[in-house]
Amino acid sequence: MKTHIFGRIQRGFTLVEIMLVVATIALLAVIAVPSYIRTRKRSQAVSILDGVRVLDAAITQYTIENNRPGSQAISGSDIPSFLPYIKTNSNFYTMLPNDLLGNPYILSTLDGVPKVSASTFSALSDAAPLDFWSPYYP
């Protein structure tokens, strides 16, 4: 906008114009941030669920190849037995026995399904519905 002061032309923005730009940016931020947070939580949930599926497949493969009874109890200390059945260069491999949020996976028996911890489930359940987690929710 041009203004004339004492015969000179001054160029610049008025305070109202600057405030409108700032208000527009703030409005866009208010719309975008919750969507970003929800999307981030959803991607974390997908990553954790993928890890549980990989762990489930590794346990199944271990059970078959070593002729173990399915009713044999397992715990987090047994995870090194399953590591040969998991891709070594993955982030999941380096984080075991914990998930992406640092909570341990829940293991019961060789024929049982590994589960996510209750704290992981409660932290991410608002981004992913209950049927998303089935059958791996606590």
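Figures for the structure shown
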quantity	calculated
Near pairs, Cβ below 7 angstrom, 6+ apart or cross-chain, from the range 125-138 (closer than 19 Å to V113 by Cα) to any residue that is loosely packed, with under 12 Cβ neighbours inside 10 Å	Y137/L130
Residues being surrounded by 16 or more Cβ atoms within 10 Å (Cβ to Cβ), farther than 12 Å from V52 by Cβ and among the charged types (D, E, K, R) - total across the range 103-138	0
Residue check for R11: surrounded by 11 or more Cβ atoms within 10 Å (Cβ to Cβ) and farther than 21 Å from S134 by Cβ	no
Total residues in the range 120-138, condition closer than 14 Å to T39 by Cα and in a loop (DSSP other than H, G, I, E, B)	5
Extreme residue, farthest from S47 (Cα to Cα), among residues of the range 64-102 that are surrounded by 14 or more Cβ atoms within 10 Å (Cβ to Cβ) and touching a strand residue (DSSP E or B) at 6+ places or on another chain (Cβ under 9 Å)	I74
Residues being touching a residue at least 60 places away in the same chain (Cβ under 8 Å) and under 16 Å from the mean Cα position of the chain (by Cα) - total across the range 107-122	3
Residue check, D126 among the acidic types (D, E) and modelled with pLDDT of 90 or more	no
Residue match in the range 53-71 (condition: assigned to a loop (DSSP other than H, G, I, E, B), at positive phi and modelled with pLDDT of 90 or more)	no
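Condition check ((1) under 15 Å from the mean Cα position of the chain (by Cα); (2) in contact (Cβ under 8 Å) with a residue 40 or more places away in the chain) across all residues:
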| position | (1), (2) |
| --- | --- |
| V54 | no, no |
| E65 | no, no |
| R68 | no, yes |
| Q72 | no, no |
| D78 | no, no |
| S90 | no, no |
| Y105 | yes, yes |
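The values are calculated or read from the model by the stated rules, or taken from the named source; none is laboratory data. Every value quoted in this text rests on a predicted model; they were computed, and no experiment measured them. Note that we place each Cβ from the backbone using ideal geometry, even for glycine, and neighbour counts take in every protein chain shown.
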